[in-house]
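Read the structure below first, then the notes.
What follows is calculated from the coordinates using simple rules that are stated; it is not laboratory data. Everything numeric here is computed off the predicted structure, so don't read it as measured data. Reconstructed Cβ throughout: ideal geometry from the backbone, glycine too, with neighbour counts over all protein chains shown.
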Amino acid sequence: MIRRAATRWRGTGRALLAGALAALLWSPGPARAEAAELSIPLARGLAEAAVRAGDAAFATQMARALLDADPEDDFAHYVLAHAARAEDRPRAARRAAVRAFRYAQSDGRRFEAAQMAARGALDARQFTVAQYWLRRATDVAPTDQARDVATRDFRAVRRMNPFNFQLRFSVSPSSNVNNGAEDALNVIDGVPVVGLLSPDALALSGVETTVDLRTRFRLHETARQRTELTGRAYLRRVALSDEAKRKAPMASNGDYALNVLEAGLRHDMALGPAAGMLRLSGALGDMAYAGDPYLDFARLTLAHVKPVADRGRLHYGLGLEARRYDRAADRPERIADLFMGYRHALPSGDSLDFGVSLRANDVDSTTLLSRGITARLGYDFGHAFGPVTLSAAIAASYTDYPDYRVATIRVPGGRQDESLAATFDIAFQDIQHAGFLPVVSLKAERTLSNVSRFETDSVSVSFGIRSAF
């Protein structure tokens with residue numbers, strides 16, 4: 001719409017153009033009538049020339065004259081944004097650019113207005129607002145090249161922004177929203193007594209909705225170190241199906257509501273190009289289940305991330321967590337988690353990742369005392385299949401509860417659970433809004449146990465959104 005000029009417009013040139021406009025506007029008869037039709041194009045030309053020359057005052061004058069004729073003239077608002085930015089009035093520049101975006105009649109003009117709004121916000125150090133307008137710019141980019149420019153600018157601003165957030169939202173129809181058992185009979189291997197499960201302990205179908213918001217705020221950063229405040233809010237809600245309500249009339253949606261809130265601190269320290277990075281993080285939080293306080297926790301994690309060869313990245317570490325259950329304050333739980341993962345980028349653009357973790361706890365409870373191992377294998381396709389990109393993962397876990405009891409019955413040899421889960425994600429790259437795209441996830445999970453109460457089977461389809469950059 002308007003391009004910057006390398007040199008300023010001289011006052012004599014402005015005077016000549018202004019004089020020409022005045023002569024046309026004040027000429028008598030037919031000449032004056034013709035001038036009335038030409039006045040808006042001439043005012044536009046004068047405004048553009050003034051912006052090119054850096055004459056903010058005269059550009060503002062011409063823009064306001066255009067707005068007197070048409071308050072919804074996006075060009076005039078865009079000129080005001082340029083002029084305000086030249087006069088170091090970033091907030092006024094952003095407001096004018098937002099109005100230009102609102103009234104623009106084409107994607108190209110909306111794109112330039114969104115870019116200008118982002119620049120005004122960035123000049124005012126409103127980084128999150130700038131990111132918002134750069135997302136809007138990607139939404140109306142007239143070409144792929146323009147979209148790439150806006151995406152690159154967004155990433156640059158995100159690096160400058162001390163505040164960072166990630167939002168995940170999903171709606172998942174599921175055959176087992178309560179992780180219930182398959183069979184109403186509770187059979188324990190090696191025990192001749194058979195129990196009967198209540199209807200709400202069986203698998204119930206319904207729809208699960210989750211919101212997961214993670215935030216970080218940078219407190220301090222140097223070339224080698226960075227310290228951030230962290231936070232998380234996780235909400236899970238369940239809507240039971242009509243079939244589930246008939247099956248378990250005593251169950252309600254609120255019985256499966258879960259809230260998790262946590263706040264923490266994270267410190268990253270670079271060890272060098274070959275040695276990677278050391279990360280120390282800690283968090284305090286609480287969990288509420290079914291509307292009631294459930295537990296408080298404190299967690300400390302130490303991890304090392306380092307490059308491997310040209311395309312690999314290895315991370316490993318140790319996590320320690322202490323939990324105190326609100327319904328039994330005298331029963332603290334201590335958990336140790338040893339983990340390792342490796343991600344490898346393939347020459348094709350695809351990537352492969354593998355992870356394994358070992359977990360053990362120390363707790364005065366026969367139902368909670370356990371040790372287990374989990375392994376995961378994932379594959380991301382780096383190229384698109386038509387309008388979509390694909391990724392898949394499979395995870396297996398084994399958990400042993402060595403002294404598990406059901407009421408007064410001690411399970412012979414303890415309880416053992418074996419789980420297998422497979423996930424397939426489909427991201428629709430061609431359907432984006434403000435840099436967010438829809439994702440469909442298919443998940444199937446099966447758990448086998450020597451205590452049939454914990455034998456579960458579930459299939460779910462999740463509809464969610466995620467950021468494309």
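Worth pointing out:
- Here the average projected area of the convex hull drawn through the C-alpha atoms of region 170-467 stands at 18.2 nm².
- As a calculated quantity, the FRET efficiency between residue 160 and residue 367 at R0 = 56 Å, using C-beta atoms, amounts to about 0.70.
- Rounded to the nearest 20, the Cβ-based charge dipole of the chain about its Cα centre (Lys and Arg +1, Asp and Glu -1) stands at 2000 debye.
- Projected label points at residue 408 and residue 392, each 7 Å from Cα along the beta carbon direction, are separated by 5.2 nanometres.
- When the charge dipole of the chain is built from unit charges on Cβ atoms (+1 for Lys and Arg, -1 for Asp and Glu) and taken about the Cα centre, the candidate among 436, 462, 60 whose Cα reaches farthest toward its positive end is 60.
- Distant-in-sequence amide H partners of residue 465 (H built 1.01 Å from N, under 5 Å): 169, 439
- Loop-exposed trypsin sites (Lys or Arg not before Pro) per DSSP, neighbour cap 10 Cβ within 10 angstrom, longest uninterrupted part of the chain: 5-326
- Computed P(r) (all Cα pairs; region 88-180; 5 Å bins; percent): 3, 15, 21, 19, 15, 8, 5, 4, 5, 4, 2, 0, 0
- Computing FRET efficiency as 1/(1 + (r/R0)^6) for residue 70 and residue 213, where r is the C-beta to C-beta distance and R0 is 45 Å, gives about 0.60.
- Farthest toward the positive end of the dipole of region 69-140, out of 129, 111, 86, is the Cα of 129, where the dipole comes from beta carbon charges about the Cα centre.
- Extension gain, residue 284 to residue 340, is 17.8 nm, computed as 0.36 nm per intervening residue step minus the present C-alpha separation.
- Long-range HN-HN contacts of residue 415 with modeled amide H, under 5 Å: 401, 403, 404
- Between 0 and 90°, nearest 10: helix 29-53 axis offset from the chain longest Cα axis: 50
- Residue 241-residue 298 FRET efficiency (beta carbon distance; Förster radius 35 Å; 0.05 resolution): 0.40
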